[in-house]
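Structure first, commentary second.
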Amino acid sequence: MFGYIKPYEPELKVKELKIYKSVYCGLCKSLGKFFGRFSRLTLSYDCTFLTLLSLALKNTHIDLKSGRCVVNVFKKCIFCPSSGEEFKFAGAVSVIMTYYKILDDIRDSSLLNLSRNRVKIKKLTKILPNMLVLSFNFVGLIFKKICLFVFLQISKFSHRKSARLYPNVLHIIKNQMKNQEIIEKKDKVNIDESAESTGKMLEGIFGLLSENKAEKRILERFGYFIGKWVYLLDAVDDLKKDLNSGSFNPFITNLKKEPEHIKNYCGEVLNQVLTQVILAYNLLELNNFREILNNIITLGLKQTQEKILQSAFEL
Amino acid sequence: MVDPYKVLGIPRNASEEQIKIAYRELAKKYHPDNYDKSPLKDLALEKMKEVNEAYDLIMNERKKGKRPNEQKWSSSGKYYSQGSSYPDIRELIMHNRFEDAEQILDGVPPSSRGAEWYFLKGTILYRKGWLEEAYKHFESACRMDPSNGEYAAALNQMINQRKGNFMNYNNMDRSMGYSMCDMCASFMCADMFCKCFGSQC
């Protein structure tokens, strides 16, 4: 995923930060344990959040252990011993999502997109720079494609394993990725439509966290808006890049002239979704980690949003 | 029976002031108006009821039977069904049959879609989670009939959400908005006023 769902650290207590980090490290270790060492590369804040949420709902007691970080062997880390179902589930979600993200990226970096760029390049008068830019793009694209294929091959093993363990997760993600593809091919897409499949994806995944009917409903609504928010924020983040490359972006069709205006508009759209995230979250009955999750939902998300809005519209 | 102190999230020896503060916080959080048009409204109402009962229980226990004079929050529960041109659709929406309602609404030819049509469609979109589209529909409804309070309320709620005027953020804005300079400046101002009015501080 994208690493947008993280706490606002200055407002966390030291002990809360310690727990957060230990869940993060615990997830990393359980990824390695259950899905092979390369799956550790898919570790993200988003899936740490998923782990924390499911731990909080189930009231599982966690104990901390001291160990060593795999990436940096000299660094000591405190971690949750990775035995719980919650870690396994979040790990599988992380692995499957990354796999489909790579597939999606491969599709995006097709030669077709390069030809779309050419429309812009034609406007340049000189031929030589034209050729240079084009060949540069071409080489870059080939390189990117090779890298993506390598990643795909690496992640295949862990993907297969998690798909076997959690066929329902695979089903949800696969379906919604397909829907996304269909939506992006349409001519006229509104903002809600474009974010729908990411929303539905997380709606499904969050819904799996509970058997209780009422709780499931809250989690689904919560997940739906979290998914939408992540999708739209990512769209804002990519706005500049997509404008240049001609890739799909839901905000491009809604552009007005002044950048300040667009920034406000994006902020409004995001705030609206975030409000719904908080409303659904407030109804959840949490047994554990309430301070950390409160921090993430009420401070962290907003903080990330502001930061990205700021950087996306810098000249 | 759930422990009322646990519901309000306060210790057993909490002072009356603490109880009231905790109650007000929770009432604000679960206020049914926040969940107007949301599919989770019933769950929010349940929570609100739980909080109200817990508060009553604690206060009654402490005052030995005296009714609390604190005014309780409740849903404003406004339904404007009279004078509606789509009473059947409002009925469907009230019973959470959103898909049926949407189907009938979409069947109305574009030429005869009035302000209420846009409002009702907006309501359905909101519940579906299509907030941006819902916002546009509420806007249209208000443009076509600016005098209608129901449409204006729906639009205003969304405008507030878009501005990010939402309870939990207030704390952060405040803590980030004040820099050291601001504080010094306000002290200086305060000091100046003190001197102005001739006091000896």
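The values are calculated or read from the model by the stated rules, or taken from the named source; none is laboratory data. If you're wondering where the values come from, they're calculated on a predicted model, not measured in any experiment. Neighbour counts run over all protein chains shown; Cβ positions are idealised from the backbone, glycine included. Calculation scope for accessible area: heavy atoms of the full protein, side chains included, ligands and nucleic acids excluded. Shrake-Rupley method; radii C 1.70, N 1.55, O 1.52, S 1.80 Å.
Residues in the range B:79-137 that are under 23 Å from the mean Cα position of the chain (by Cα) and not in a helix (DSSP H, G or I): B:Tyr79, B:Tyr80, B:Ser81, B:His95, B:Asn96, B:Gly129, B:Trp130. A:Leu284 meets each of the listed conditions (1) over 16 Å from the mean Cα position of the chain (by Cα); (2) away from every other protein chain (no Cβ under 14 Å) apart from (2). One residue stands out in the range A:175-185 among those that are surrounded by fewer than 16 Cβ atoms within 10 Å (Cβ to Cβ) and among the charged types (D, E, K, R): the one that is farthest from A:Ile252 (Cα to Cα), namely A:Lys178. Could you check the range B:26-45 and list, in sequence order, the residues that are open to solvent by 70 Å² or more (accessible area, probe 1.4 Å) and either touching a Leu at 6+ places or on another chain (Cβ under 9 Å) or not charged (D, E, K, R) (or both)? Residue satisfying the conditions is B:Leu45 alone. Within the range A:157-174, the set of residues being open to solvent by less than 60 Å² (accessible area, probe 1.4 Å) and part of a helix (DSSP H, G or I) comprises A:Ser158, A:His159, A:Ser162, A:Ala163, A:Val169, A:Leu170, A:Ile172, A:Ile173. What about A:Lys188, is it more than 10 Å from chain B (Cβ to nearest Cβ), assigned to a helix (DSSP H, G or I) and surrounded by fewer than 19 Cβ atoms within 10 Å (Cβ to Cβ)? When the stated conditions are applied, A:Lys188 does not pass them.
Taken across the range A:287-306, residues that are assigned to a loop (DSSP other than H, G, I, E, B) and either open to solvent by less than 10 Å² (accessible area, probe 1.4 Å) or away from chain B (no Cβ under 12 Å) (or both) do occur, with at least one present.
Just one of the listed residues (A:Leu233, A:Leu274, A:Leu283, A:Leu270) is surrounded by 21 or more Cβ atoms within 10 Å (Cβ to Cβ), touching a helix residue (DSSP H, G or I) at 6+ places or on another chain (Cβ under 8 Å) and more than 22 Å from A:Glu193 (Cα to Cα), namely A:Leu283. For the range A:40-67, a tally of residues being open to solvent by 10 Å² or more (accessible area, probe 1.4 Å) and over 30 Å from A:Gln153 (Cα atoms) returns 11. Can you spot a residue in the range A:163-178 that is more than 21 Å from the chain's Cα centre (by Cα), touching a residue at least 12 places away in the same chain (Cβ under 8 Å) and farther than 18 Å from B:Gly129 by Cα? Yes, the range A:163-178 contains a residue that is more than 21 Å from the chain's Cα centre (by Cα), touching a residue at least 12 places away in the same chain (Cβ under 8 Å) and farther than 18 Å from B:Gly129 by Cα.
Okay, residues lined up against (1) out of contact with any Pro (no Cβ under 8 Å at 6 or more places or on another chain); (2) within 19 Å of A:Lys101 (Cα to Cα); (3) aromatic (Phe, Trp, Tyr):
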{"site": "A:Glu181", "(1), (2), (3)": "yes, yes, no"}
{"site": "A:Ala195", "(1), (2), (3)": "no, yes, no"}
{"site": "A:Arg217", "(1), (2), (3)": "no, no, no"}
{"site": "A:Ala235", "(1), (2), (3)": "no, yes, no"}
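Residues in the range A:77-107 that are buried (at least 21 other Cβ atoms within 10 Å of the Cβ), out of contact with any Cys (no Cβ under 6 Å at 6 or more places or on another chain) and outside any helix (DSSP H, G or I): A:Cys80, A:Ser82.
Within the range A:271-285, the set of residues being touching a Leu at 6+ places or on another chain (Cβ under 6 Å) and either among the charged types (D, E, K, R) or more than 24 Å from B:Glu46 (Cα to Cα) (or both) comprises A:Gln272 only. Counting residues in the range B:128-147 that are among the polar types (S, T, N, Q), modelled with pLDDT of 90 or more and open to solvent by less than 90 Å² (accessible area, probe 1.4 Å) gives one or more.
When the residues of the range A:1-39 are filtered to those that are open to solvent by less than 50 Å² (accessible area, probe 1.4 Å) and assigned to a loop (DSSP other than H, G, I, E, B), the one that is nearest to the other protein chains (Cβ to nearest Cβ) is A:Tyr8.
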